[in-house]
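First up is the structure itself, then whatever we jot down about it.
The values are calculated or read from the model by the stated rules, or taken from the named source; none is laboratory data. None of these values were measured; they are calculated from a predicted model. When we count neighbours, we look across all protein chains shown, and the Cβ atoms used for this are built from the backbone with ideal geometry, even at glycine. Keep in mind that these areas ignore ligands, DNA and RNA; they rest on the heavy atoms of the full protein, side chains included. Shrake-Rupley method; radii C 1.70, N 1.55, O 1.52, S 1.80 Å.
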Amino acid sequence: MTICYLNDDFVELSKASISPLDRGFLFGDSVYEVLAAYKKNLFRLDDHVDRLNKNLELLGIKVNLSNTEIKTILKEVCLKNLEENQIIYLQISRGVEEIRNHIPKEDTKPTLFVCSFEMKNVPKENNETIKAILSSDIRWKKSSIKSTSLLANVLYKIKAQEKGVDELLMSDSGFITEGAVSNVFCVNENRIYTPPLEANILPGITRKVIIEIFQDLNLNFEEKKIDEEFLFKSDELWITNTTKGILPIIELDKKIIGDGNPGKLYQLVKQAFLKKIEDCKA
Ligand code: PMP
């Protein structure tokens, strides 16, 4: 049995329902967050709530809850579900209106939904590697907003699956933006690079944690625009996100990256990332 939170109540997921007139359904007029809970501790909770607030503010969605109340709901959902390690989704739409209209009403009450799934593959020491393809970025120019309008990302993931790979990286006018569900890092001659936040990418929380690790370990790092040629001649290529942590790409468009194995810097950074997970206390 899975317990979720919908508007003001904790309910069994199978009993939860929302109106078809919800603006999230009609217009994709909604934002979301994805959090990892390790041993029932929510990883980087403050960072996720900060990013959520920024998105809500940008869209003018007014939720009548304090940060503490939002955090309490997230923690409660985590505690009410049995799994030790969970992926928790928080979704907020602008709410339900009686008459369909692109222009929202001032007094519409946002819909708040939080649910949890078991995190089956907890990041751990292993030799997991992934393959990816490159495609042009067809998304809108506000991909920094964590919006549930994920149609492009859905199409990308279908394409990746059809091609037998795990992730699809995007490039816009020849410069890499991010993955369909991840941020991207590459290593060239011992220096680590990632596209800057201005490159129309999601400010990933895992990206932030990984950059902190570079600072902790005194690694050579730069945020800069990465062109396709630079990407293909990388010694190492990684993706990061909340559900997978950090993973090395060893094949891009069927071309081997580096020597086709997880690189030295990857292993160092992954080790430090696993330590952060281990130490996490919400
Ligand atoms: N970019 C995109 C497009 C994503 O969907 C995600 C995962 N939500 C990320 C980056 C990584 O963000 P985070 O580290 O906060 O999970």
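Here are the numbers for the structure shown:
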{"quantity": "Label point at Leu58 placed 7 Å out along Cα→Cβ; residues across the stretch 80-103 whose backbone nitrogen lies under 15 Å", "calculated": "92"}
{"quantity": "Shape parameters for the stretch 3-118, alpha-carbon atoms, Rg then Dmax in Å", "calculated": "14.1, 44"}
{"quantity": "Relative contact order of the stretch 3-118, defined on C-alpha pairs under 8 angstrom at six or more residues apart (%)", "calculated": "38"}
{"quantity": "Partnerless Cys - the chain, beta-carbon criterion under 4.7 Å", "calculated": "Cys78, Cys186, Cys280"}
{"quantity": "Gyration tensor verdict on the stretch 189-241 (Cα atoms; rounded if a/c is under 1.5, prolate if a/b is larger than b/c, oblate otherwise)", "calculated": "oblate"}
{"quantity": "Solvent-accessible ranking of Ser14, Ser93, largest area first, probe 1.4 Å", "calculated": "Ser14, Ser93"}
{"quantity": "Hz values of 3J(HN,Hα) by residue in the stretch 94-111 - Karplus curve (6.51, -1.76, 1.60), Gly and Pro given as x", "calculated": "6, x, 9, 10, 5, 10, 5, 8, 4, 7, x, 7, 5, 9, 5, 8, x, 8"}
{"quantity": "Charged-residue dipole, Cβ positions (Lys, Arg, Asp, Glu), the chain about Cα centre, Debye nearest 20", "calculated": "180"}
{"quantity": "Between the stretch 166-197 and the stretch 49-116, the alpha-carbon center distance in angstrom", "calculated": "29"}
{"quantity": "Inter-label distance for Asn190 and Glu83, nm, one decimal - labels placed 7 Å from Cα along Cα-to-Cβ", "calculated": "4.2"}
{"quantity": "Beta bridges by DSSP in the stretch 65-219, antiparallel share as percent, to the nearest 5", "calculated": "75"}
{"quantity": "Expected 222 nm ellipticity per residue - DSSP helices of 4 or more, -39500 (n - 2.57), all of the chain, to 500", "calculated": "-8500 deg cm²/dmol"}
{"quantity": "Average projection area in nm² (convex hull over Cα atoms of the chain, one quarter of hull surface)", "calculated": "15.0"}
{"quantity": "Filter on Lys62/Lys208; Lys39/Lys224; Lys15/Lys75; Lys157/Lys254; Lys208/Lys264 - keep pairs with C-alpha separation over 28 Å", "calculated": "Lys39/Lys224"}
{"quantity": "Amide H within-cut-off set for Phe221, under 5 Å, with H built and near neighbours excluded", "calculated": "Ile192"}
{"quantity": "Summed side-chain charge close to Pro196 - residues other than Pro196 whose Cβ falls under 14 Å, Lys, Arg +1, Asp, Glu -1", "calculated": "-2"}
{"quantity": "Surface share of carbon and sulfur [accessible, 1.4 angstrom probe, percent] for the chain", "calculated": "51"}
{"quantity": "Note, ³J(HN,Hα) from phi for the stretch 218-231, Karplus 6.51, -1.76, 1.60, rounded to Hz, x at Gly and Pro", "calculated": "6, 8, 6, 9, 8, 8, 7, 5, 10, 8, 4, 4, 4, 5"}
{"quantity": "Proximal charge balance of Val77 [Cβ under 14 Å; K/R count +1, D/E count -1]", "calculated": "-4"}
{"quantity": "The chain - accessible surface per residue (Å², probe 1.4 Å)", "calculated": "52"}
{"quantity": "Alpha-carbon Rg/Rh ratio, for the stretch 52-172, with Rh computed the Kirkwood way", "calculated": "1.03"}
{"quantity": "Cα gyration tensor shape for the stretch 1-50, rounded if a/c is under 1.5, else prolate or oblate", "calculated": "oblate"}
{"quantity": "Calculated SAXS-style log₁₀ I(q)/I(0) at q = 0.14, 0.19 Å⁻¹ - the stretch 130-279, Debye, Cα scatterers", "calculated": "-0.62, -1.19"}
